[in-house]
Amino acid sequence: MSAPSFADKAPLIVIDLQTGMFDGVHEPPIHEAPAIADRARAVIDWARRGGRKVAFVRHDGPAGDPLAPGEPGWPVWPALGQAKDEPTFAKSVRDAFSNPAFGEWVAGQGAGAVVILGAQTDFCVAATVKGAMARGLGVTVVSDA
């Protein structure tokens, strides 16, 4: 049996899967919202079973925005089943690495890579992928979750 690679420990990063993306209160839900939540939960469960760390990244919108801190749309979508020991990192721009605490947490995993899934693929997911690559991390993006 070979030793596990750094990628085997790559943490899972869940980006912007917040209540406002699913509940339809202020905006229509993301396309295929229930299926997206199911697929995301399956990947989260896979990561946990494999001993990977999981972190959530939440967008903090400006005052008056449905994703503003404290607004009903702001929390991580409860159906994802975030565990109490899984951190949530805030961001107010596209790249999650703009939050130094997030970057420190990822570096602390010692994996040299990350697995990413989430909403706003062409904005926040893409920017976080670029942020990870700029830090020399390998990146796997989960499609359709």
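The values are calculated or read from the model by the stated rules, or taken from the named source; none is laboratory data. Keep in mind that what you see is a predicted model, and the values were worked out from it rather than measured. Here the Cβ is made from the backbone with ideal geometry for all residues, glycine too, and neighbour counts use every protein chain on show. These area figures cover heavy atoms from the full protein model, side chains too; ligands, DNA and RNA do not enter into them. Shrake-Rupley method; radii C 1.70, N 1.55, O 1.52, S 1.80 Å.
Tell me, which strands (runs of 3 or more DSSP E) lie completely within segment 21-136 with 3 or more residues that are modelled with pLDDT of 95 or more, of a type in the set (A, V, I, L, M, F, W, C) and open to solvent by less than 50 Å² (accessible area, probe 1.4 Å)?
On the way: elements: 54-59, 88-91, 113-118.
Answer list for segment 21-136: 54-59, 113-118.
Among the residues of segment 47-61, are any farther than 23 Å from Lys9 by Cα and of a type in the set (Phe, Trp, Tyr)? Working first, answer last.
To start, the set of residues in segment 47-61 that are farther than 23 Å from Lys9 by Cα comprises 59-61.
Now drop any that are not of a type in the set (Phe, Trp, Tyr), which leaves none.
No, segment 47-61 has no match at all.
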Of the residues in segment 86-128, those that are under 17 Å from Val142 (Cβ atoms), touching a residue at least 40 places away in the same chain (Cβ under 8 Å) and not aliphatic (A, V, I, L, M) number 4
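Looking only at segment 108-145, which residues are within 13 Å of Ala55 (Cα to Cα) and hydrophobic (A, V, I, L, M, F, W, C)?
The initial filter retains those residues of segment 108-145 that are within 13 Å of Ala55 (Cα to Cα), namely 108-109, 114-118.
Hits for segment 108-145 are Val114, Val115, Ile116, Leu117.
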Residue hits (segment 63-85; touching an Asp or Glu at 6+ places or on another chain (Cβ under 8 Å) and farther than 29 Å from Trp46 by Cα) are Asp65, Pro66, Ala68, Pro69, Glu71
